[in-house]
Amino acid sequence: MAIQVQGNSGTVVEVDGTTFRALRVTSRPVEYGALGLYRIAMLSGTMAAGMAAASEIFQARWTSATNLALIWGMSFDGFGSATAFTAGFGNMSMTIARSWSADGSGGTPATLTGNNQKLRTSMGTSLMGAIRVSTTGALGAGTKTLDAQPIAQVALSINAVANTQYLPPATVVYGNLEAGGNPTPVVLAQNEGVVVRATVPATGTWQFGVTMSWAEVTSY
């Protein structure tokens, strides 16, 4: 006996082909309601040599008490040296932060007012509390608790040659940057966030970029 499936408007669901007859579907972003979908790309300044291991270089803090942020994806948009490093290993990682009661400091803060970072003008202005990227050194940590281990990372072998590109553009370290593309986003409640930390060998000066996409929703 055939069973018909109807959508919300009463339209009957269709199938493709005559062999497998797979259900015909259209992928769409998460239901954001009166909130929205957002994406940001930030570029550091020239990072000075001698930065401490596991220094914070990118921070995003969610502060809304009633809504959630879904981090769909993050990429490192290149990482290259201007002055040669001492040869060795490096690492860039993404870690979840919890109990984040005071913003970090330093670097360049993102402008999130008005239409900035919306993927459609009619979406709501972002409710993200703060996003910042390093300029010449590590960011101030603020007050928060980082998880014991990262949820994503890139390990690097770094040589002692100036003007070297160590990461190609759009090196995805978490999820899918298109909103809704990753079935398991990082779900942030009030005073939670994500942090990128870096460890590099001595002597080198360097620059990096970070791109992050997220949705803001009332429930998930």
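Where a ≥ b ≥ c are the square roots of the eigenvalues of the C-alpha gyration tensor, would you call region 95-216 rounded, which needs a/c under 1.5, or, failing that, prolate if a/b is larger than b/c, or oblate?
prolate
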query: How many angstrom separate the Cα center of region 20-61 from the Cα center of region 146-172?
result: 17 Å
Whole-Hz ³J(HN,Hα) from phi, Karplus 6.51 cos²θ - 1.76 cosθ + 1.60, for region 58-64, glycine and proline x: 8, 9, 9, 10, 9, 10, 5
- prompt: Put a dot 7 Å past each Cα toward the Cβ at THR86 and ALA48; how far apart are the dots in nm?
  reply: 1.8 nm
query: Applying the Karplus parametrisation 6.51 cos²θ - 1.76 cosθ + 1.60 with θ = phi - 60° to the phi angles of region 125-135, what ³J(HN,Hα) value in whole Hz is obtained for each residue in order, glycine and proline being reported as x?
result: 4, 4, 9, 4, x, 6, 9, 8, 10, 5, 9
message: For a quick check: sort LYS144, LYS118 by the number of other beta carbons within 10 angstrom, fewest at the front.
response: LYS118, LYS144
field: GLU31 versus ASN8: modelled label distance in nm, points set 7 Å from Cα along the beta carbon direction
entry: 0.6 nm
field: Amide H partners (placed H, <5 Å) of SER55, local residues excluded
entry: ALA198
- line: Ranked from fewest to most other Cβ atoms within 10 Å of their own Cβ, GLU14, GLU178 fall in the order GLU14, GLU178
task: May I ask you to evaluate 6.51 cos²θ - 1.76 cosθ + 1.60, the Karplus curve with θ = phi - 60°, for each residue of region 37-45 and list the ³J(HN,Hα) values in order in whole Hz, giving x for glycine and proline?
output: 10, 9, 8, 9, 10, 10, 10, 6, x
query: How long are the three semi-axes of the equivalent ellipsoid of region 28-116, in whole Å, if each is the root of 5 times an eigenvalue of the C-alpha gyration tensor, listed from largest down?
result: 30, 16, 14
field: Extension reserve of the ARG120-THR143 stretch, reckoned as 0.36 nm per residue once the Cα distance is removed
entry: 5.0 nm
message: Just to be sure I understand, if you calculate volume of the Cα convex hull per residue in Å³ for this structure, which of (i) 139; (ii) 227; (iii) 165 do you get?
response: (iii)
field: Nonlocal amide H pairs with TYR174, under 5 Å, H built at 1.01 Å
entry: MET74
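Values in this text are rule-based calculations from the coordinates and carry no lab data. What you see is a predicted model; the values in this text were computed from it and never measured. Methodologically, a virtual Cβ is constructed for each residue, glycine included, from the backbone with ideal geometry; neighbour enumeration extends over all protein chains shown.
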